[in-house]
Amino acid sequence: MTEKVLLSVQDLKRHFEIGQGETLKAVDGVSFDIVKGETFGLVGESGCGKSTAGRTILGLYNKTDGNVLFEEKNVHKMSDRERREYLKKVQMIFQDPYASLNPRSTVLEIIAEPIEVHKLYKSKEEVKSRVYELLEDVGLNRDHANRYPHEFSGGQRQRIGIARALALDPEFIIADEPISALDVSVQAQVVKLLQRLQKEKGLTYLFIAHDLSMVKYISDRIGVMYLGHMVELTTSNQLYDNPLHPYTQALLSAIPIPDPDIEESRERILLEGELPSPIKPPSGCVFRTRCPQAMSICAEKKPVWKEQEAGHFVACHLFN
Ligand code: SF4
């Protein structure tokens, strides 16, 4: 892995005005870098802001504050030409492949669309052979090209979504819960496919997920989000071996272990209550209303984002 920073997210905020003077702070000051060739996992319960962060990075949403730099260029200050280039280099894979594929288009039309929009090939024949090549890249074949999305299984549909995302030869892929809607056995196949494609094509991934189970196998580093904030960030191994933040510990304890003896005897950290509303987040530490280790200072003061050991960051008063 080279150490070139491809994407730099700096104190990014994305707030939504929702009327009556109220503001939903979906992303509220998140910072991380993604190095070329790595997979960065972004994890947290639904409603924590991770998908909004992904969409703001892609430029689908304007930022409220902070910066997103891709190859040192500010994504939200790009000229039209720079933006077109950016949208070739950065692609998204969605959670629900069925909803993201036009049901009335054939697979050929679906995958060819971005190629035609960007006028990458001169003839229809060239476009067609590029689509066949992409289908083979994702483990499908040219016979699938004339079929419609409903003729495929969930896993195959996600492969079609991946082929479409690869059509413009991107450098960076934002995968927004790409396996959450799939059966566990199919999840592993899609993860393996993404890993193979990463090796073959030198891709960089932002892999967004709501739990830590599969993310471990694909991510080099992981950031954990809670209620619009990043609460912990470190390497995948470090996060599993030595999780520091009580929220990370709870997420890890929720992953089932395939050994029944260990599974029966180990302790689960059950989080009480629902995720609070990002419209009225708790004072101090946003996790304090559900934290089993909360102290009085946690309600008074926001914990500082601090590097606890090399490359291992955490925001928690237990370590401030
Ligand atoms: Fe828990 Fe306090 Fe740490 Fe927040 S700052 S995670 S409430 S111990």
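According to the square roots a ≥ b ≥ c of the eigenvalues of the Cα gyration tensor, what is the shape class of the stretch 63-188, taking rounded for a/c under 1.5, prolate for a/b larger than b/c otherwise, and oblate for the remainder?
The shape class here is oblate.
List the chymotrypsin sites (Phe, Trp or Tyr not before Pro) in the stretch 114-152 that DSSP assigns to loop (not H, G, I, E or B) and whose Cβ has at most 16 other Cβ atoms within 10 Å. Which are they?
Y121
Looking at the chain, which longest stretch skips every one of the GluC sites (Glu not before Pro) that is in a DSSP loop with at most 12 other Cβ atoms within 10 Å, leaving the sites themselves out?
Here the longest segment lacking exposed loop sites spans 73-266.
Listed here are the pairs K88/K128; K199/K306; K77/K306; K13/K216; K88/K306; K88/K201; which of them are more than 24 Å apart at the Cα? Walk me through the numbers before you get to the answer.
Values: K88/K128 19 Å; K199/K306 33 Å; K77/K306 30 Å; K13/K216 27 Å; K88/K306 35 Å; K88/K201 15 Å.
Pairs exceeding 24 Å: K199/K306; K77/K306; K13/K216; K88/K306.
What's the center-to-center distance, using Cα atoms, between the stretch 147-168 and the stretch 52-110 in Å?
18 Å
Which shape class, rounded, prolate or oblate, goes with the chain when its Cα gyration tensor gives a ≥ b ≥ c as root eigenvalues, a/c under 1.5 marks rounded, and past that a/b bigger than b/c marks prolate? Write out the running numbers ahead of the final one.
Numbers: a/c = 2.00, a/b = 1.53, b/c = 1.30.
Prolate shape, in that a/c is at least 1.5 and a/b is the bigger ratio.
With a cap of 14 neighbouring Cβ atoms within 10 Å, and only residues DSSP puts in a loop, list the trypsin sites (Lys or Arg not before Pro) found in the stretch 177-274. Walk me through the numbers on the way to the answer.
Numbers: sites: K192, R196, K199, K201, K216, R221, R266, R268; in loops: R266, R268.
Loop-located and lightly packed - R266, R268.
So what's the angle, to the nearest 10 degrees on a 0 to 90 scale, between helix 80-89 and the longest Cα principal axis of the chain?
In the chain, helix 80-89 runs at an angle near 90 degrees to the longest axis.
Under 1.5 on a/c is rounded, so check that first for the stretch 11-102, then, if it is not, pick prolate when a/b is larger than b/c and oblate when it is not; a ≥ b ≥ c are the square roots of the alpha carbon gyration tensor eigenvalues.
rounded
Summing -39500 (n - 2.57) over the DSSP H runs of n ≥ 4 in the chain and dividing by its residue number, what mean residue ellipticity at 222 nm do you reach, to the nearest 500 deg cm²/dmol?
-9500 deg cm²/dmol
Taken together, the values in this text are just the output of simple stated rules run on the coordinates, not laboratory data. What you see is a predicted model, and the numbers here were worked out from it, not measured in a lab. Because the Cβ atoms are built from the backbone with ideal geometry, glycine has one as well, and the counts that use them run over all protein chains shown.
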